Amino acid sequence: MIIVMDVNSPEENVNAVVDKLESNGFQAHLIRGVKRIVIGAVGDRGSLSSMGLEVMPGVVSAVPIMKPFKLVSREAGGGNSVVKVGNAEIGGREIVLLAGPCAVESEEQIYAAAKAVKASGAGILRGGAFKPRTSPYSFQGMEEEGLRIMSEAAKQYGLATVTEVIDLQSLDVALKYVDMVQIGARNMQNFRLLQAVGRAGSPVLLKRGLSATVEEWLMAAEYIATEGNAGIVLCERGIRTFETYTRNTLDLSAVPLVKSLSHLPVVVDPSHATGLRKLVGPMSLAAVAAGADGLLVEVHPDPQKALCDGPQSLNPGEFNKLAGDLKTVAAAVGRSA
Ligand code: PEP
Ligand code: MN
């Protein structure tokens, strides 16, 4: 069951609902969205229908939700949520571009990347500083120094920032520098990390796990939401299949599916989904046509020299062309880019 309350409800009205739920044996998870206050009631010790919640001051509706995810369900959101990251708004009319290198490698590289993606209309600079690499011998990232130079480059070009966190320590460091934290595919079910990100309250980009079902992915988002964090953006980045020509298989059907199940914005990462530069453009256009609210694209000033994921990274010229092509598709589906 979720209880939807008017966003302007005074504190005592919200507390009265929470107290009523708790005194009837329910756990109450409060989440303050931009448009409404939602309280998720979890428990099976009482009957919600006999509690008279609907008539309490500030209560708009009390809706039973049979799905395992509650706070992130479409019923709880009242339409599409918009997540604000710096000056960018993900989930509104505009398609947001989150772009930049796989990893921050040097001051020169991240400034060049920031300049290029800004010139093509990106709103958010991406760059990994704590890299979850498959091999322990691969470049692991510049850590705090990388985040420091990325945040300075972003400031210079008027961009917001997103970076991946891989554990509680990297989360603490990242929160000092970036506007949004990313939970990578490999950590999608790191439940303690999800809860910590939920408590931190920072906007979060939650990638789909390598072989996660849509329900598992939404339950991971629910872990973040139950800690009170409403700023969740989902990212489809391809799943493991038998296909070997591509790095992963982009599940584009997940975009309209998730949007029908959840109020959360959805972005697509065509770079990790395909692993191939030549497929990034076509899959980006398809993602926007399918209803994606944004794209996470790897862009490197010189992909040949990239320390990480060069074969799937666009150069600035390729990204600029893609950003232009997107405008036509966005317009065709009633969006702007
Ligand atoms: C990344 O975005 O750099 C990354 C490692 O992605 P994923 O978690 O989707 O593999
Ligand atoms: Mn990468």
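Which of (1) surrounded by fewer than 24 Cβ atoms within 10 Å (Cβ to Cβ); (2) within 21 Å of R74 (Cα to Cα); (3) of a type outside the set (D, E); (4) in contact (Cβ under 8 Å) with a residue 12 or more places away in the chain is the odd one out, the single condition L175 does not satisfy?
(2)
Where in the range 67-106 are the strands (runs of 3 or more DSSP E), entirely inside, with at least 1 residues that are of a type in the set (V, I, T) and out of contact with any Pro (no Cβ under 6 Å at 6 or more places or on another chain)?
Those strands (runs of 3 or more DSSP E) span 96-100.
Any idea which of I166, I224 is β-branched (V, I, T), in contact (Cβ under 8 Å) with a residue 24 or more places away in the chain and either more than 26 Å from A292 (Cα to Cα) or within 16 Å of ligand 2 (Cβ to nearest atom) (or both)?
I166
Quick check: is even one residue across the range 295-307 of a type outside the set (D, E), more than 16 Å from ligand 2 (Cβ to nearest atom) and in a loop (DSSP other than H, G, I, E, B)?
No, the range 295-307 has no match at all.
Go through the range 62-97 and give me each residue that's over 30 Å from K20 (Cβ atoms) and among the basic types (K, R).
K84, R93
Show me the strands (runs of 3 or more DSSP E) found entirely inside the range 172-245 where at least 2 residues are charged (D, E, K, R).
none
Sort out for me the helices (runs of 4 or more DSSP H) sitting completely within the range 249-291 that have 1 or more residues that are more than 29 Å from E75 (Cβ to Cβ) and of a type in the set (D, E, K, R).
277-289
Considering R208, R192, which residue is assigned by TED's automatic domain parsing to the domain that holds S170, buried (at least 20 other Cβ atoms within 10 Å of the Cβ) and basic (K, R)?
Answer to the check: R208.
Which one of G184, G121 is under 18 Å from L295 (Cα atoms) and away from ligand 2 (no atom under 16 Å from the Cβ)?
G121
The values are calculated or read from the model by the stated rules, or taken from the named source; none is laboratory data. Source: prediction; values computed, not measured. Neighbour counts run over all protein chains shown; Cβ positions are idealised from the backbone, glycine included.
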